[in-house]
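A quick write-up on the structure given underneath.
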Amino acid sequence: MSQDIHVIVEHLRGQVADITYVAVAAARRLATGTGGGVAAVLLGHDGETLAGDLAADRVVYIDDPALADFNPEHYNVILADLIGGDPPRCVLFGDTSMGAEVAGVLSARLSMPLVSRCRSVDAANGRLRFISQICGGKILVEGDIPEPNALITMVPGGYKPEQGRGETAPEVTRTSVSPLGSGRVAFAGYQEPKAEDIDISTTPILVAIGRGIANEDNVELAEELAETLGGAVCASRPVVDQGWLPTTRMVGKSGKRVKPDVYLALGISGAPEHVEGMSDSDLTIAVNTDPEAPIFDVAQYGSEVDLLDLLPVLIERVRAAKGG
Amino acid sequence: MNIVVPVKLVPDLVEELEIDDGGTALDTTWLRFILNEVDEHALEQALLLKESLSGTVSVISLDGEGVDDVLFASSAKGVDRLIKLTGVDYGVNVNNHAMARFYATTVRILEPDLVLVGVQAHNDLDGSLGPLLAEYVGMPYVGYVSGIAPINGRCRVRKEYPGGLIAEMDVEMPAVLGVQAAESPPRYVAISRIRQAMKTAAVDEQAAPDLDTTGGPMVDSMFKPETAERATMITGDEDEVAGRIVDLLRELGKA
């Protein structure tokens, strides 16, 4: 059994995901405890150079035309062979729509324990430790990373992607795999995001609404405030899932990443999946009746008033300030 | 089209969360358990497929506080079969590996065409339920799904990626799919219909197999995050708060 730490590289259309750099940063920390090296495992097609700026000691590269686009079944087959054949101490994935499902299947297939939602790791006195965040970011849990091997899925927040970037390109070893069959899952193509009325990723003032907006009729109030401010309305997942705003207005893990001058978060709890999309905002003002809402950990200013009481008054005040 | 929806109840985050005296788990004394939010979407998607293609929908849950309400509400929405695994409770230390093993036993007997689960839950610490269950029953798994169209023994699913990009994948049935969002919002059901279901719907109680939590980590400490910087709170009524927000915007030249 090796003391190495493996990181499964997540990439989409030629771009390595930030979470992979975060995972490499965590892997470096773990490797100081095990004395092993950090290997980035890259599955792709004509993508050998993708892992060139990862702070890994080496890259294990598996090339196949069937790996040009993500297919969970191919990943499961290849990684079960690779990890099962010579298990590293830990294998790190992103806790994402790619990494989470592969890690779950492999945990069951290889009978290897899985730690998910991991935010940071530590290595001291011969013990490897994890801290994971649960309950929408309201609770942290800590424990030993299971021995002798474990799979770990990483969430953002504990490390900056820069910490996982290296200056010299790691050595790449190409590994061949048995031909990949047609299998039970086939990638059929992409659906591009819909054409947008407004691109929230470049809008300087965003009025963001969450579950606290309570019902569809109240969305109009947020629209009115955004219009008065010369900005746009965006939302967290629950609002979009209700069909009150189009998916092009969703901020977060599977929506847009925004970095406005002002982000007015109304009735948004601040679950990690949402924060991932808005934490680069210059000024965040959060309004939520729950004093423990994690959004107050991200915002510079906050208030616990009811947003439905606040909105009409705020619209009038802004209108007055703008001279009518 | 026969569909099974294994559900998970999770602590309601609207309530204040307290850590128990042991320091490793939530204090369940005042904790309210509710249906995992994306499980509502998995259930809705199952009902939509049943309505367009006919078939049956079965819901499976472990036992615990609030479970009967969830099952009867499901029945009122159109679920055909309600199954409750007894002898094991959400309130005790059941991780997702254990839950997946429980549900695998039932899914194998039901032999569904599709198993729809919520793609994740806020208290998952050992992976999400879907991929574990899929592997235990030997079915393929695709998660983060927000659309399912069955065609000739396969499903074309829409899988969500960051930035609003969607990948389409064809998945051979039977399969387990992790639902992120149903094609329409979860339906509302009137309380009178739930009451009616309580009188007429039968809950099939089955004894759960032995608990096996192998595969998840042990937690030796649980705590609330301490942040270096927390928001400066604006106090007062809505008028005062609105005034202060306008001041802040004005400082930035935005109002």
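The values are calculated or read from the model by the stated rules, or taken from the named source; none is laboratory data. A quick note: this is a predicted structure, and the numbers were derived from the prediction, not measured. Please note: Cβ atoms are built from the backbone with ideal geometry, for glycine as well, and neighbour counts cover all protein chains shown.
How many residues, within the range B:1-42, are within 14 Å of chain A (Cβ to nearest Cβ), within 20 Å of B:VAL107 (Cα to Cα) and in contact with a Pro (Cβ under 7 Å, 6 or more places away or on another chain)?
Residues that pass the stated criteria total 2.
Considering only the range B:115-137, I want to know if a residue exists there that is crowded, with 20+ Cβ neighbours inside 10 Å, closer than 19 Å to B:MET1 by Cβ and touching a Cys at 6+ places or on another chain (Cβ under 8 Å).
Looking for residues that are crowded, with 20+ Cβ neighbours inside 10 Å, closer than 19 Å to B:MET1 by Cβ and touching a Cys at 6+ places or on another chain (Cβ under 8 Å), one finds none in the range B:115-137, hence no.
Any idea which of A:SER303, A:SER236 is more than 18 Å from B:ALA255 (Cα to Cα) and touching a Leu at 6+ places or on another chain (Cβ under 9 Å)?
A:SER303
Do we have any residue at all in the range A:179-201 that's at pLDDT below 95, at positive phi and surrounded by 21 or more Cβ atoms within 10 Å (Cβ to Cβ)?
no
In this structure, does B:VAL14 turn out to be under 20 Å from B:PHE223 (Cα atoms), among the aliphatic types (A, V, I, L, M) and free of Cβ contacts under 8 Å to residues at least 60 places away in the same chain? Explain how you work it out, then say what you get.
Details: under 20 Å from B:PHE223 (Cα atoms): yes; among the aliphatic types (A, V, I, L, M): yes; free of Cβ contacts under 8 Å to residues at least 60 places away in the same chain: yes.
The answer is yes for B:VAL14.
Are there any pairs, at least 6 apart or on different chains, whose C-beta atoms fall under 6 Å, with the first in the range B:165-194 and within 19 Å of A:VAL102 (Cα to Cα) and the second buried (at least 22 other Cβ atoms within 10 Å of the Cβ) and aromatic (Phe, Trp, Tyr), and if so, which?
These pairs meet every condition: B:VAL176/B:TYR141; B:GLN180/B:TYR144.
A:THR32 is checked against (1) surrounded by fewer than 19 Cβ atoms within 10 Å (Cβ to Cβ); (2) in contact with a Leu (Cβ under 9 Å, 6 or more places away or on another chain) and fails just one. What number does that condition carry?
Of the numbered conditions (1) surrounded by fewer than 19 Cβ atoms within 10 Å (Cβ to Cβ); (2) in contact with a Leu (Cβ under 9 Å, 6 or more places away or on another chain), the odd one out for A:THR32 is (2).
Determine whether the range A:133-153 contains at least one residue that is surrounded by fewer than 21 Cβ atoms within 10 Å (Cβ to Cβ), in a strand (DSSP E or B) and in contact with a helix residue (DSSP H, G or I) (Cβ under 6 Å, 6 or more places away or on another chain).
no
Yes/no per residue for (1) over 19 Å from the mean Cα position of the chain (by Cα); (2) at pLDDT 95 or above:
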position: B:TYR161; (1), (2): yes, no
position: B:ASP170; (1), (2): yes, yes
position: B:MET173; (1), (2): yes, yes
position: B:VAL179; (1), (2): no, yes
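Okay, residues lined up against (1) on the phi < 0 side of the Ramachandran plot; (2) away from every other protein chain (no Cβ under 14 Å); (3) part of a helix (DSSP H, G or I):
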{"position": "A:LEU30", "(1), (2), (3)": "yes, yes, yes"}
{"position": "A:ILE62", "(1), (2), (3)": "yes, yes, no"}
{"position": "A:PRO87", "(1), (2), (3)": "yes, yes, no"}
{"position": "A:PHE93", "(1), (2), (3)": "yes, no, no"}
{"position": "A:SER97", "(1), (2), (3)": "yes, no, no"}
{"position": "A:GLU101", "(1), (2), (3)": "yes, no, yes"}
{"position": "A:SER107", "(1), (2), (3)": "yes, no, yes"}
{"position": "A:ASP122", "(1), (2), (3)": "yes, no, no"}
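Mind listing whichever residues of the range B:215-231 are polar (S, T, N, Q) and surrounded by 12 or more Cβ atoms within 10 Å (Cβ to Cβ)?
The one that is polar (S, T, N, Q) and surrounded by 12 or more Cβ atoms within 10 Å (Cβ to Cβ): B:SER221.
Name the single residue that is nearest to the chain's Cα centre (by Cα) among those in the range A:291-306 being at the interface with chain B (Cβ under 7 Å from one of its Cβ atoms) and closer than 20 Å to A:ILE134 by Cβ.
Checked the range A:291-306; the qualifying residue nearest to the chain's Cα centre (by Cα) is A:ASP297.
Give the range A:126-143 a look and list any residue that's free of Cβ contacts under 8 Å to residues at least 60 places away in the same chain and either among the aromatic types (Phe, Trp, Tyr) or within 7 Å of chain B (Cβ to nearest Cβ) (or both), or say none.
A:PHE130, A:SER132, A:ILE134, A:CYS135, A:ILE139, A:LEU140, A:VAL141, A:GLU142, A:GLY143
Need the failing condition index for A:ILE145 against (1) over 30 Å from A:GLY85 (Cα atoms); (2) touching a strand residue (DSSP E or B) at 6+ places or on another chain (Cβ under 6 Å); (3) of a type in the set (Val, Ile, Thr), just the number.
Every listed condition holds for A:ILE145 apart from (1).
Just to be sure before I move on: is B:THR200 within 9 Å of chain A (Cβ to nearest Cβ) and over 22 Å from the mean Cα position of the chain (by Cα) in the structure I sent?
no
Run down A:GLU162, A:GLU167 and say which single residue is of a type in the set (D, E, K, R) and over 19 Å from the mean Cα position of the chain (by Cα). Step through it out loud before you land on a result.
Details: A:GLU162 fails: over 19 Å from the mean Cα position of the chain (by Cα).
Residue meeting the stated conditions: A:GLU167.
Sort through A:ASP46, A:ASP69 and tell me the only one that's assigned to a loop (DSSP other than H, G, I, E, B), without any contact (Cβ under 8 Å) to a residue 40 or more places away in the chain and surrounded by fewer than 20 Cβ atoms within 10 Å (Cβ to Cβ).
Checking each option against the conditions leaves just A:ASP46.
For the list (1) at the interface with another protein chain (Cβ under 7 Å from one of its Cβ atoms); (2) in contact with a Leu (Cβ under 7 Å, 6 or more places away or on another chain), I need the number of the one condition that B:ALA181 fails.
Here B:ALA181 clears every test but (2).
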